[in-house]
Every structure is written in C-alpha cells, then in structure tokens.
1. When residues of the stretch 183-195 are filtered for being under 21 Å from GLU235 (Cβ atoms) and part of a loop (DSSP other than H, G, I, E, B), how many remain?
2. Within the stretch 91-111, track down each residue that is closer than 13 Å to VAL159 by Cβ and of a type in the set (Val, Ile, Thr).
3. Of the residues in the stretch 60-86, how many are touching an Asp or Glu at 6+ places or on another chain (Cβ under 8 Å) and assigned to a loop (DSSP other than H, G, I, E, B)?
4. With the condition kept exactly as written, say whether any residue in the stretch 116-123 is in contact with a Ser or Thr (Cβ under 8 Å, 6 or more places away or on another chain) and at pLDDT 95 or above.
5. What number of residues within the stretch 65-85 are surrounded by fewer than 24 Cβ atoms within 10 Å (Cβ to Cβ) and either within 19 Å of GLN131 (Cβ to Cβ) or touching a Phe, Trp or Tyr at 6+ places or on another chain (Cβ under 8 Å) (or both)?
6. Need pairs with beta-carbon distance below 9 Å; first residue within 19 Å of ALA177 (Cβ to Cβ) and of a type in the set (Phe, Trp, Tyr) and within the stretch 220-235, second in a loop (DSSP other than H, G, I, E, B) and at pLDDT below 95; sequence gap 6+ or separate chains.
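The values are calculated or read from the model by the stated rules, or taken from the named source; none is laboratory data. As the structure is a prediction and not an experimental result, all values here were calculated from the model. For neighbour counting, all protein chains shown are included, and Cβ atoms are generated from backbone atoms with ideal geometry for every residue, glycine included.
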Amino acid sequence: MRSVVDTGGMEPLGFDVTVATTARIYDYWLGGQDNFAVDRTAAMQIEEAAPGAPLMAIENRRFLGRTVRYLAESGITQFLDIGTGLPTRGNVHEVAQGITPQARVVYVDNDPMVLAQSVALKTGNNVTVLQADLRRPDLILDQARETLDFTQPVAILLVAVLHFIGDGDNPVALIAALRDATAEGSYLVVSHVTGEFSKEAAAQSEARYKKVTPGATVRGRKQILGLFDGYALVEPGLVQVPQWRPAGPVTAGLENVWFLGGVGCKAPAGRM
C-alpha cells in the first residue's frame with residue numbers, strides 16, 4: 001500500500017480534537033471508536049433534528065457494500081472511492097477483493113485522521129490512499145492513474161460525500177471531470193441526503209451540520225438525478241438506499257432514511 005498527501009495547494013482539514021468532523025461523526029453513528037467528545041456532542045445535536053441519523057449512516061454503509069458487490073460481480077476490478085471516511089467493517093477493498101482478489105482500490109479523503117487510519121488498517125495489495133479533495137478532480141486523477149488504468153472501466157464511488165459540496169463548487173462539473181476521464185462501461189455510485197421526506201427536519205439538520213466543517217447542502221430528487229448526467233441509471237434507479245437491491249425485504253424505518261442512492265453506467269442503456 002502507498003499513501004500520497006496532495007491537496008493541490010488547498011489547506012487540509014486539521015487534526016483538531018476540539019472541532020467535530022463529519023468522518024468522526026459517521027464513525028460514532030456506525031459504532032466506531034475513532035471519535036471524540038466534540039464529535040459525539042455534534043452527532044447528538046444533529047439527532048435532535050434528525051433522530052434517524054444513526055440509521056441513515058448504517059443503511060448508507062450497507063448500500064455501499066451492496067453496490068461494490070454488484071459492481072465486482074459485474075466484472076469491475078477498479079474502484080475510486082472519494083470521501084471514503086474512517087475505516088470500518090466491509091471496506092471497499094475487502095468487498096471487492098473478496099470477489100476479485102486482484103481488484104485495485106484508491107481511497108481519497110481530505111481528513112488527515114482518515115488518512116492515518118486508512119494507511120494503518122487498509123492493508124493489502126493494490127490499495128492506495130490519497131489525501132486530496134473532491135473539489136480538485138484533476139489532482140485526484142493524476143495521482144490515481146498510478147494505480148488505476150483509466151483506459152479500462154473504473155467505478156467512481158461518491159457515497160455520502162456530495163452533500164458536503166456546495167452549489168458554488170459545482171458538483172455537476174466535478175463529476176463530469178471524473179466521468180470524462182473514465183472509459184465506456186465505467187460506473188458512478190452516489191448516495192445523497194435529500195429533504196423530500198421531512199423538509200423542516202432536514203433544514204434543521206442542514207443548519208446544524210453547517211456548524212461542522214465542511215457543512216452540508218440538502219438537495220431534492222431532481223438535483224440528485226442531475227448528478228448522473230452522462231450515465232444511464234441501473235435498475236432500480238434512484239431510490240432510498242435500503243431499497244437499492246436489498247438482500248431481503250425492506251420493512252420498517254424508510255421514513256427515517258433521507259438518503260437517495262443509485263448506480264449509473266457510462267454506456268448506452270441497451271448495453272446494461
């Protein structure tokens with residue numbers, strides 16, 4: 001495994017235990033140990049507006065695992081996971097290499113703690129960890145090319161990260177830069193918080209999240225669909241994350257899962 005720290009001149013988020021971070025808040029909701037009192041306090045404040053936040057984090061992680069398994073079983077052997085977060089059970093390389101041992105994975109995050117934990121725990125062949133920012137796709141691509149062959153299909157994973165990219169940073173253009181660098185037959189995986197299930201509570205959660213770097217932007221279904229420009233959605237399309245090819249029946253709790261997720265293929269729809 002190799003690690004590269006390159007933020008393209010952007011100031012990286014500091015390793016500051018007095019300031020909550022989204023990665024550590026998610027770690028807390030997922031039952032991890034890599035979080036501090038400030039993260040737990042921020043998490044509980046968010047939960048006051050969104051009591052289902054821990055369930056959302058769990059279901060989002062399950063969605064990631066199912067999509068990676070689907071892609072690996074479909075023949076994808078290269079994964080670019082941007083906004084990977086802190087390591088936990090069922091990491092991308094574990095799922096992908098469990099199906100195809102030679103699968104190659106590049107993890108990208110802008111949080112120094114994520115980098116440190118990832119280098120320590122995500123061990124194995126064909127795994128690279130980069131500290132970089134989604135807002136600089138050119139730098140991500142330059143570094144990722146040392147591990148991934150972009151003349152062959154690559155799965156780009158943007159799971160629970162795009163709602164931390166404001167409209168001013170033009171997420172559609174950022175995705176387009178990544179899409180245009182990949183071969184036909186590549187995939188895009190997106191999960192994103194939406195306010196369509198409880199607009200008032202989502203607005204309150206968004207306001208509280210904005211106190212945590214880098215904040216949050218809640219988007220509607222139409223806006224999230226627009227992130228798949230240039231991709232044909234794989235069935236069942238853009239749905240609440242528990243409904244994306246579940247392993248069993250989806251029963252209770254959907255009203256508390258404000259995440260929409262989908263998988264798109266850079267290929268004519270008739271070839272999927």
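1. So the answer is 3.
2. Kept after step one, since they are closer than 13 Å to VAL159 by Cβ, are these residues of the stretch 91-111: 91-92, 95, 107-109.
Correct list: VAL92, VAL95, VAL108.
3. Number of matching residues: 4.
4. no
5. At the first step, the residues of the stretch 65-85 found to be surrounded by fewer than 24 Cβ atoms within 10 Å (Cβ to Cβ) are 65-66, 69-70, 72-77, 83.
Then keep just the ones that are either within 19 Å of GLN131 (Cβ to Cβ) or touching a Phe, Trp or Tyr at 6+ places or on another chain (Cβ under 8 Å) (or both); that gives 66, 76, 83.
The total comes to 3.
6. TYR231/ALA267
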